[in-house]
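The next block holds one structure in the form of structure tokens; read it before the comments.
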Amino acid sequence: MSFMKLTASTLAISALAATAAQARDNIQIAGSSTVLPYASIVAEAFGENFEFPTPVVESGGSGAGRKKLCEGVGENTIDIANSSSRIKQSDIDNCAANGVTEIQEVRIGYDGIVFASDIDGPAFAFTPADWHAALAAKIVVDGALVDNPNKMWSDVRADLPEQEILAFIPGTKHGTREVFDENVLIAGCEENGTMAAHEAAGAEDAEDACMQVRTDGVSIDIDGDYTETLARVDANPNGFGVFGLSFYQNNTDKLQVATMGGVAPSTETIATGEYPVSRPLFFYVKNAHLDVIPGMQEYVEFFVSDEMAGPDGPLAAYGLVSDPELAKTQEAVANRTPMGPLN
Amino acid sequence: MTDMPHSNGADGIARDSHGGKSLLAVDARTRKRNASEARFRLLGKIAVAIGVLALVGLLASILSSGLSSFRQTYIDIEVYLDPAKLDKEGNRDRAQISKVSTFGYKPLIEQGFMEAIEKSGVSLDGISEKEVAEMLSKEAPAQVRNFVLADVERIGQTAPFEVLAGGRIDGYFKGRVTMESAERDRNVSPAQLELADRLREAGVVKVRFNWDFFTAPDASDTRPEAAGLGVAIIGSAYMMLIVLVLSLPLGVAASIYLEEFAPQNRFTDLIEVNISNLAAVPSIVFGILGLAIFINFAGLPQSAPVVGGLVLTLMTLPTIIIATRASLKSVPPSIREAALGVGASKMQTVFHHVLPLAMPGILTGTIIGLAQALGETAPLLLIGMVAFVREYPAGPPEGFFDPAAALPVQVYNWTQRGDPAFVERASGAIIVLLVFLVVMNIAAILLRRRFERRW
């Protein structure tokens, strides 16, 4: 037998196969790992109830998903990008440069961010100011900006339990971190007057100074996902983890959740806006693919339909806070309204 | 010579010609040497013991959390396929019937479950109807809907089904969920677990071997009990097929040429260094390469086993080339010289004599390379194979272009899910992957034992 012949023929076959890649009939989705569970629930139900194949949902992060969406138009690019933060102008520019001009922005609902600790520990009632005072690199003590000296939660505020401060917060590549920075650290910074102190001290960007967390091992960035945070909290009963509401709801036997500003997180309190730490979840649709990929329009409409994304649907049962303005989204999706410029 | 036996001299005392010291009376230097040897042996034993302990620990933790995924809790129910709900027109038109979504099937199944409980005579004390319904897997409506759509004439009949129990109920029978944890768990109540106990005694609920774990596709976060490895196993099999078909002939051809025909010069030295280098390149680099060449340039589809296979081929090639060259080298030159001496051509020498003798080594190297490729996740991350895929790919060769997952990818995906039931699934998937790897490595050892010739 001749290996040369065999090699030549396999090469020929693979080259032939490469040119004969057939039209894609499944929807390709990529992006945020926070949106992934919701997208896979919808994809599964879509595959079951429609004559179209189940969409393929990749994770990899909001930014990576939007970048893939903007790679261009064509069957070897993705159709929909899931995102746990809003698209950025740089993404839109990148899209436009690659010929992706019409993008639909679809808001699917809201996600709550909760602060949870070991179920056997004491209960906590926080305010954003507490978290800033516990984790910020610099805080105000006796009118002066100093390196954060707080060791115990009771140092932060006398009526908090006497427990060592230890927090597992999402790493900077997570969309969750942005919300944490914005709604907890910066809000807390303003609340306890550190922001004013930073400004008085002539900081160039007071908000940026507020977002700096201490580096003495009290605040630990978790670059993995919530399962890693849970494992860390399991190993350190003093530790607090930052989780998504749906993740907490699946692990209520191991975690207890702290109130924030006197409000316990739940789909109701987040929907009404009482609970302060939440964010909208999106997906972005490449309109140029809508008539090319079979079932894509149906998938998008099915995702935001009342039976999926409504307050009694499976997504809400899993922890998504349904959007009060869902009807508007449904209408926009039916009309394929592309998003306007960012405001 | 330190532990020479007692038989050196007739009188039992041996003397050397120089110092006249006895070999049996151990002197200081000998003692030192003996001690250092004993120390080394001890260290060696400790090293082995640490290795074995680590392996046992790893296996024990994986087996203890993963073996339960091979058993699954099922509920036997009979469902009346109500024509008033499923076929309002009454004309048994499949297109019409397929408009009824899984949401429409849910009440029928819940009714069937209630009837099954009634028939078994189990009491429903202290539990609401809603809680009873929650004990069923969310997969059940899809199962019944597919059954109806497969043959619409069954509408109007009462059909028996074996549906999955919910993930928490299943976890209870496997010890993952306890009465205490159920108190605090918002997804299950102790009343449900007590009912599950009674139903199991009555024979409505049963735990049996979980074939679906090997055949079913992945499932979403709300139904861990339905998640299986079907798509991942097919995807991995396709990729291994591609890797084998491409890398074995390419690798063997390259090494035969380099080893037997190519002149020894700077250029071939450079190639050799590069091949050794490639074998040590982090696998994610091949993923980046695959994304750039196969997807962006060649236009192959995302998430497809063909791209995964090509990327893993690139990764496996150096391993195979190095193993093949080593086994070609180990064939003694006398074989080649004898063949050339009786008038064989260079090519006849290689293909009739050298290659058959090197074959066991080549196959061993190939299998080890394949095993390495089977466990690889990083390069697949970039080419879109780390994904939620539920559709089975078609048969080969078209199936090579359909989206699929892979075994290690499935492990990675499951460890990221919120529901703790997926931890069990992930460990189960690791066991399956380990079994494949053990089988491949045993095959490599057997091939070597059987066919290898020592010179």
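The values are calculated or read from the model by the stated rules, or taken from the named source; none is laboratory data. Here the structure is a predicted model, which means the values were calculated and not measured. All Cβ positions, glycine included, derive from the backbone under ideal geometry; neighbour counts span all protein chains shown.
Structure notes:
- B:ALA292 vs. criteria away from chain A (no Cβ under 13 Å) and assigned to a helix (DSSP H, G or I): no
- Count of residues meeting criterion [over 12 Å from B:PHE161 (Cβ atoms), surrounded by 15 or more Cβ atoms within 10 Å (Cβ to Cβ) and either small (Gly, Ala, Ser) or within 14 Å of chain A (Cβ to nearest Cβ) (or both)] in segment B:108-130: 1
- Failed criterion for A:GLU75 (all others in (1) closer than 17 Å to A:ASP291 by Cβ; (2) more than 14 Å from every other protein chain (Cβ to nearest Cβ) hold): (2)
- Scope segment B:320-337; condition surrounded by fewer than 18 Cβ atoms within 10 Å (Cβ to Cβ) and in contact (Cβ under 8 Å) with a residue 12 or more places away in the chain; matching residues: B:ALA326, B:LYS329, B:SER330, B:PRO332, B:ILE335, B:ARG336
- Evaluation of B:TYR238 against (1) under 19 Å from the mean Cα position of the chain (by Cα); (2) over 30 Å from B:GLN143 (Cα atoms); (3) crowded, with 22+ Cβ neighbours inside 10 Å (one fails), failing number: (2)
- Residues that are over 23 Å from A:ARG177 (Cβ atoms) and either without any contact (Cβ under 8 Å) to a residue 40 or more places away in the chain or facing chain B (nearest Cβ under 8 Å) (or both) were ranked within segment A:22-39; the one that is surrounded by the fewest Cβ atoms within 10 Å (Cβ to Cβ) is A:GLN22.
Residue by residue, here is whether (1) within 13 Å of chain A (Cβ to nearest Cβ); (2) more than 30 Å from B:GLN410 (Cα to Cα) holds:
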site: B:SER327; (1), (2): no, yes
site: B:ARG336; (1), (2): no, yes
site: B:VAL354; (1), (2): yes, yes
site: B:LEU357; (1), (2): no, yes
site: B:ALA373; (1), (2): no, no
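- All of A:PRO265, A:PRO280, A:PRO294, A:PRO311 fail the test of being within 25 Å of A:LEU160 (Cβ to Cβ) and either more than 12 Å from chain B (Cβ to nearest Cβ) or in a helix (DSSP H, G or I) (or both), apart from A:PRO265.
- Checking A:PHE180 against (1) modelled with pLDDT of 85 or more; (2) outside any helix (DSSP H, G or I), the condition it does not meet: (2)
- Qualifying residue in segment B:437-450 (condition: under 26 Å from A:ILE41 (Cβ atoms), among the β-branched types (Val, Ile, Thr) and within 15 Å of the chain's Cα centre (by Cα)): no
- All positions within segment A:203-240 that are in a loop (DSSP other than H, G, I, E, B) and either buried (at least 16 other Cβ atoms within 10 Å of the Cβ) or not acidic (Asp, Glu) (or both): A:ALA203, A:GLN212, A:ARG214, A:THR215, A:GLY217, A:VAL218, A:GLY224, A:ASP225, A:ASN236, A:PRO237, A:ASN238, A:GLY239
Quick grid of which residues meet (1) within 13 Å of chain A (Cβ to nearest Cβ); (2) buried (at least 20 other Cβ atoms within 10 Å of the Cβ); (3) not in a helix (DSSP H, G or I):
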position	(1), (2), (3)
B:LEU370	no, yes, no
B:PRO379	no, yes, no
B:GLU391	yes, no, yes
B:ALA394	yes, no, yes
B:GLY399	yes, no, no
B:VAL411	yes, yes, no
B:ASP419	yes, yes, yes
B:PHE422	yes, yes, no
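- The listed residues are B:ALA159, B:ALA95, B:ALA150, B:ALA140, and the only one of them that is closer than 28 Å to B:SER68 by Cα and either away from chain A (no Cβ under 14 Å) or small (Gly, Ala, Ser) (or both) turns out to be B:ALA140.
- Restricting attention to segment B:385-434, the residues that are modelled with pLDDT under 90 and of a type in the set (Lys, Arg) add up to 1.
- Contacts under 6 angstrom Cβ, first residue in segment A:49-63 being more than 10 Å from chain B (Cβ to nearest Cβ) and of a type in the set (S, T, N, Q), partner crowded, with 19+ Cβ neighbours inside 10 Å and in a loop (DSSP other than H, G, I, E, B), 6 or more apart: A:SER62/A:SER32; A:SER62/A:SER84; A:SER62/A:SER85
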